[in-house]
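S.K.: Got a structure for you, questions after.
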Amino acid sequence: MTTRNEELFARSQKIIPGGVNSPVRAFRSVGGTPRFFTRGKGARLWDADGREYIDYVGSWGPMILGHADPDVIRAVQVAAESSLSFGAPTEGELEMAELLTQLLPSMEMVRLVSSGTEATMTAIRLARGYTGRNIIVKFEGCYHGHADALLVKAGSGALTYGQPSSAGVPADTTKHTLVLDYNDIEGLERAFATQGSDIAGVILEPVVGNMNLVRPTDGFVRALRQLTEKHGAVLIFDEVMTGFRVGPQGAQGLFGIRPDLTTLGKVIGGGMPVGAFGGRRDIMERMAPLGPVYQAGTLSGNPVAVAAGLTTLRKIQAPGFFDRLTANTRQLVDGMVAVAQSKGIAFSGDCVGGMFGLFFRAEAPRTFAEVMTADKERFNRFFHLMLDRGVYLAPSAFEAGFVSAAHGEAEFKATLEAATASFGTLAAAS
Ligand code: KE4
């Protein structure tokens, strides 16, 4: 009997590449049929067959308040009634800019765009325009959106399908992209020792979520700041995922590091298309129309999207919001690790704020190479065992998961029950 999800997926594959509007949604690495969701409320989702799930994808990070938060929905409705877009300044986008520069002290100036990709694409152009240099340093396994120069040994969907460097990107474009190993301080020091005067900027995920979750070592973060400072390179924290997800001031707040530029997305749109880049005033003032670095966008700062983002950002300032989110996420991960290990399964987990990583390997990985030693096939089986029990994890071994403020005891209890049964099935099969 064909389910509604299967019927919809069969139709969509005829006219949308892979049947999806973003590759990681296609379930191609985990196998099976993607779920077409019809409704979300709080921590829960319902698919086209009416099945209910506890959601740990959260639209890949934005839904930090949970789905259909009443205040966010009302703000969007009110904004929409005054037109959807003007293509002109509005007070709302000014309020958003004021809030972002207040919440992130490193952000002296900011510009809104419509996606994380636009934010990172512009940030590297700005680093090159500001320094007059060409080389951009990135790290294998980090994903910064799909701008040509950054689709080199990328993470997320690119890693999921084993095509970390995309077709269609001319070698001329990526010859200025230097890819190093995450957490490899010596490699970083060598690169700056030999090419420091040609490096325009370094971009990284300050906590990686796109080769699954990998934390930086203290030494790595400090070396990044010291070496970029010493050589006049722009340090870009890509906080599209970590921004207002790992803490009230993102990863830069956790590490006490002041990057030169920060890119944002996801949470700052609350589920609507909002990205942002910002940082040092002397760098940002090179942006058109003030300076020579061009960037533009028809829907940048869109009033309806900003209404969703502003409401979300204000609500997560509530006292104790991140303490609760962090404690809940840690409780979930520790519970799953304990259950897996009680069944003799090589399994580990880690979490930072409201994002987490699950690994079928004994220790949480610290490098790309260690991530690649995790048992991907076992993850794929686990993914479906959990999905069949109504728990929706990210459909890839190389993606982080997300907890929202709407996840409570009922969700964590049901999730651990599903995990206990699923790990039991895996243990019995081995
Ligand atoms: P978007 O262009 O997808 O809004 O943002 C790109 C981006 C930039 N930087 C980081 C650190 C990111 O995580 C992302 C997007 N993340 C993926 C999930 N791993 C989005 C999901 C998808 O590609 O469909």
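S.K.: Applying the selection to region 181-198, what residues are hydrophobic (A, V, I, L, M, F, W, C) and within 16 Å of Phe237 (Cβ to Cβ)?
M.R.: Passing the criteria: only Leu188.
S.K.: When Ala119 is evaluated against the numbered criteria (1) buried (at least 20 other Cβ atoms within 10 Å of the Cβ); (2) of a type in the set (A, V, I, L, M); (3) more than 16 Å from the ligand (Cβ to nearest atom), which criterion, by number, is the only one it fails?
M.R.: With (1) buried (at least 20 other Cβ atoms within 10 Å of the Cβ); (2) of a type in the set (A, V, I, L, M); (3) more than 16 Å from the ligand (Cβ to nearest atom) applied to Ala119, the lone miss is (3).
S.K.: Residue by residue through region 108-130, note down the ones that are within 15 Å of the chain's Cα centre (by Cα) and assigned to a helix (DSSP H, G or I).
M.R.: Gly116, Thr117, Glu118, Ala119, Thr120
S.K.: Then there's this: Does at least one position in region 126-146 carry a residue that is polar (S, T, N, Q) and within 11 Å of the ligand (Cβ to nearest atom)? Give the derivation first.
M.R.: Going through region 126-146, the residues polar (S, T, N, Q) turn out to be 131, 134.
Filter once more, so that each one left must be within 11 Å of the ligand (Cβ to nearest atom): none.
Within region 126-146, not a single residue is polar (S, T, N, Q) and within 11 Å of the ligand (Cβ to nearest atom).
S.K.: Are there any helices (runs of 4 or more DSSP H) wholly within region 322-430 with 1 or more residues that are within 24 Å of Asp47 (Cα to Cα), and if so which?
M.R.: It comes to 376-388, 409-429.
S.K.: Considering each residue of region 42-75, count those that are on the phi > 0 side of the Ramachandran plot and in a strand (DSSP E or B), and give that number. First the steps, then the outcome.
M.R.: Here is the first cut: in region 42-75, the residues on the phi > 0 side of the Ramachandran plot are 42, 50, 58-61, 66, 68.
Next, from what is left, pick out any that are in a strand (DSSP E or B): 42.
Selection size over region 42-75: 1.
S.K.: Still on this model: Here is a list: Gly349, Gly408, Gly344. Which entry is more than 21 Å from Gly141 (Cα to Cα) and either touching a strand residue (DSSP E or B) at 6+ places or on another chain (Cβ under 9 Å) or within 16 Å of the ligand (Cβ to nearest atom) (or both)? Steps first, please.
M.R.: Details: Gly349 fails: more than 21 Å from Gly141 (Cα to Cα); Gly344 fails: either touching a strand residue (DSSP E or B) at 6+ places or on another chain (Cβ under 9 Å) or within 16 Å of the ligand (Cβ to nearest atom) (or both).
Just one listed residue meets the conditions, Gly408.
S.K.: Considering region 354-371 alone, what residues qualify as being under 27 Å from Ser59 (Cβ atoms) and either in contact with an Asp or Glu (Cβ under 6 Å, 6 or more places away or on another chain) or among the aliphatic types (A, V, I, L, M) (or both)?
M.R.: First pass over region 354-371, keeping only residues under 27 Å from Ser59 (Cβ atoms): 354-360, 364-365, 368, 371.
Answer for region 354-371, where residues must be under 27 Å from Ser59 (Cβ atoms) and either in contact with an Asp or Glu (Cβ under 6 Å, 6 or more places away or on another chain) or among the aliphatic types (A, V, I, L, M) (or both): Met355, Gly357, Leu358, Phe360, Ala364, Phe368, Val371.
S.K.: Can we say Ala318 is at pLDDT 95 or above, surrounded by fewer than 19 Cβ atoms within 10 Å (Cβ to Cβ) and more than 16 Å from the ligand (Cβ to nearest atom)?
M.R.: yes
S.K.: Exactly one condition in (1) in contact with an Asp or Glu (Cβ under 9 Å, 6 or more places away or on another chain); (2) away from the ligand (no atom under 13 Å from the Cβ) is not met by Ile203; state its number.
M.R.: So Ile203 meets the others, but not (2).
So that you can scan it fast, the table gives a plain yes or no per residue for (1) more than 11 Å from the ligand (Cβ to nearest atom); (2) surrounded by 24 or more Cβ atoms within 10 Å (Cβ to Cβ); (3) modelled with pLDDT of 95 or more; (4) in a helix (DSSP H, G or I):
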position: Phe220; (1), (2), (3), (4): yes, no, yes, yes
position: Gln226; (1), (2), (3), (4): yes, no, yes, yes
position: Phe237; (1), (2), (3), (4): no, yes, yes, no
position: Met241; (1), (2), (3), (4): no, yes, yes, no
position: Ile257; (1), (2), (3), (4): yes, no, yes, no
position: Thr263; (1), (2), (3), (4): no, yes, yes, no
position: Ala296; (1), (2), (3), (4): yes, no, yes, no
position: Ser300; (1), (2), (3), (4): yes, no, yes, no
position: Val304; (1), (2), (3), (4): yes, no, yes, yes
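S.K.: Sticking with this one: From the list Ala75, Ala97, Ala79, which one is surrounded by 16 or more Cβ atoms within 10 Å (Cβ to Cβ), closer than 26 Å to Phe402 by Cβ and in contact with a Ser or Thr (Cβ under 8 Å, 6 or more places away or on another chain)? Lay out the reasoning, then the answer.
M.R.: Details: Ala97 fails: in contact with a Ser or Thr (Cβ under 8 Å, 6 or more places away or on another chain); Ala79 fails: in contact with a Ser or Thr (Cβ under 8 Å, 6 or more places away or on another chain).
That would be Ala75, the only listed residue that is surrounded by 16 or more Cβ atoms within 10 Å (Cβ to Cβ), closer than 26 Å to Phe402 by Cβ and in contact with a Ser or Thr (Cβ under 8 Å, 6 or more places away or on another chain).
S.K.: Please state which one of Ala397, Ala362 is more than 23 Å from the chain's Cα centre (by Cα) and at pLDDT 95 or above.
M.R.: Among Ala397, Ala362, only Ala362 is more than 23 Å from the chain's Cα centre (by Cα) and at pLDDT 95 or above.
S.K.: Which number in (1) within 25 Å of Val207 (Cβ to Cβ); (2) of a type outside the set (A, V, I, L, M, F, W, C); (3) crowded, with 16+ Cβ neighbours inside 10 Å marks the one condition that Asp47 misses?
M.R.: Status for Asp47: all satisfied but (1).
The values are calculated or read from the model by the stated rules, or taken from the named source; none is laboratory data. If you're wondering where the values come from, they're calculated on a predicted model, not measured in any experiment. Don't worry about glycine lacking a Cβ; one is built from the backbone with ideal geometry, like all the others, and counts go over all protein chains shown.
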